[in-house]
Amino acid sequence: MEIGILSTSGGKQLATLTVDPNSTLKELKTQVHRLKSHLYPDRQEFRLEPRGKGLDENKTVVTLGLKEHSKLYLKDLGPQIAWKTVFLTEYAGPLFVYAWIYQRPWLFYGEEAVSQPMSQVAHIAAYCWVIHYGKRILETLFVHRFSHATMPVRNLFRNCAYYWIFAAYVAYHVNHPLYTAPCQSQSYIALGVWTICELGNFSIHWALRNLRPPGSKERRIPRPTKNPLTLLFNLVSCPNYTYEVGGWVAFTIMTQCIPAGLFAFAGFYQMAIWAVGKHRAYKKDFKDYPRGRKAIIPFTL
């Protein structure tokens, strides 16, 4: 049977494919790639309507109800880059930027700043920052399993700008010779909360990794494991974001630094949007999804 492939932009005919009814959209993408070399599979997204929802590439022609001379719309997602590459670039940047500014380079503080004493909190904050992003890099390499292989390359510059600029903004203030640290008890209590949140965040990532078999895109309802730090799954759909936000709030209290607070707020705003979207998707895809769960903040949001 023949299927017409049209562009979502203007409805231009891109190709006519001869396909088997049992062919998957993934196989159709390969055919399109043979005809249009710049449209490699990860760059393609099929839709039933020009402004419709992107289709699962594992769906077959027959399950979509396509018949002889039916039409599929193809959206060009633009040049792509691997998610793993994006994450490594995002996280390596703030790690090295903060570590560099922690050394009080003359470019920021002048040559005399190096000899001036630094508070214990500034040292602890630097260790926490490096540990956090070092953990993220290791999780990217050995823990995360990505449901999508790539993302638009244009997003790389936006994401890196967010992480790298905020890293410099926070590091400049915390490591400044005029920085005044809060009392020790406040910093140590906040450090304890930060540690729990970091361990909790890793525990959730590990649980999510084991939820999806290697090489598959299978989705299951996430539930607590034997690790007590995963019990937060009983209250929210995205406890990894809850722990992430909690960690940055604790970092802000530990350093008593306004730029750190702004970073925590910006991160919370974005993660709340992601969490609400994932929460809705869980409820839509799983009819038996636990009703008592919220998206990111227990009992509230």
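The values are calculated or read from the model by the stated rules, or taken from the named source; none is laboratory data. Nothing here was measured: the structure is a model prediction, and the numbers come from that model. Methodologically, a virtual Cβ is constructed for each residue, glycine included, from the backbone with ideal geometry; neighbour enumeration extends over all protein chains shown. With ligands, DNA and RNA removed, areas are computed over all heavy atoms of the protein, side chains included. Shrake-Rupley method; radii C 1.70, N 1.55, O 1.52, S 1.80 Å.
Using only alpha carbon pairs under 8 Å that are at least six residues apart, calculate the relative contact order of segment 87-155 and give it in whole percent.
Reported as a whole number, the value is 44 percent.
Where does each of 239-251, 119-131 land if you order them by average Cβ count within 10 Å, highest first?
Put in order of decreasing packing, that is 239-251, 119-131.
Rank these by accessible area, largest first, 1.4 Å probe: I253, I101.
Order by accessible area, largest first: I253, I101.
Rounded to a whole number, what % of the accessible area of the chain do carbon and sulfur atoms account for, probe 1.4 Å?
Here carbon and sulfur together make up 61 percent of the probe-accessible area.
Would you rank E90, E45 by solvent-accessible area, highest first, keeping every protein chain in place and using a 1.4 Å probe?
Sorted descending by solvent-accessible area, the residues read E45, E90.
Where Lys and Arg each count +1 and Asp and Glu each count -1, what net charge lies around I196 among other residues with Cβ under 15 Å from its Cβ?
-1
Helix-derived [θ] at 222 nm for the chain: sum -39500 (n - 2.57) over DSSP H runs of at least 4, divide by residue count, nearest 500?
It comes out at -17000 deg cm²/dmol, rounded to the nearest 500.
Could you compute how fast segment 30-95 diffuses translationally, taking Rh as the Kirkwood radius over C-alpha pairs and applying Stokes-Einstein at 37 °C with viscosity 0.692 mPa s? Give it in µm² per second.
The calculation lands on 232 µm²/s.
Cross-link list K135/K287; K53/K294; K75/K278: which exceed 29 angstrom alpha carbon to alpha carbon?
Those over the limit are K135/K287.
Any chance you could list the semi-axes, whole Å, largest first, of the equivalent ellipsoid that the Cα gyration tensor gives for the chain, using √(5λ)?
45, 24, 14
If the only charges are +1 at each Lys and Arg Cβ and -1 at each Asp and Glu Cβ, what is the size of the charge dipole of segment 2-78 around the Cα centre, to the nearest 20 debye?
240 debye
With a 1.4 Å probe and every protein chain left in place, work out the accessible area per residue of segment 142-301 in Å², rounded to a whole number.
Here the residues of segment 142-301 average 55 Å² of exposed surface.
What size of dipole, in debye to the nearest 20, comes out for the chain about its Cα centre when the only charges are +1 on Lys and Arg C-beta atoms and -1 on Asp and Glu C-beta atoms?
It works out to roughly 1120 debye.
Which residue, chosen from F108, L156, T8, occupies the Cα position most advanced towards the positive end of the dipole of the chain, where the dipole is computed from +1 (Lys, Arg) and -1 (Asp, Glu) charges on Cβ about the Cα centre?
Comparing the listed Cα positions along the dipole, T8 ranks first.
Explain nothing, just compute: Karplus ³J(HN,Hα) = 6.51 cos²θ - 1.76 cosθ + 1.60, θ = phi - 60°, for every residue of segment 127-140 in order, whole Hz, x for Gly and Pro.
Couplings: 4, 4, 4, 5, 4, 4, 6, x, 4, 4, 5, 5, 5, 4 Hz.
Along the charge dipole of segment 32-160, pointing to its positive end and built from +1/-1 on Cβ of Lys, Arg, Asp and Glu, which listed residue (S70, F146, A122) has its Cα farthest out?
About the Cα centre, the residue reaching furthest to the positive side is S70.
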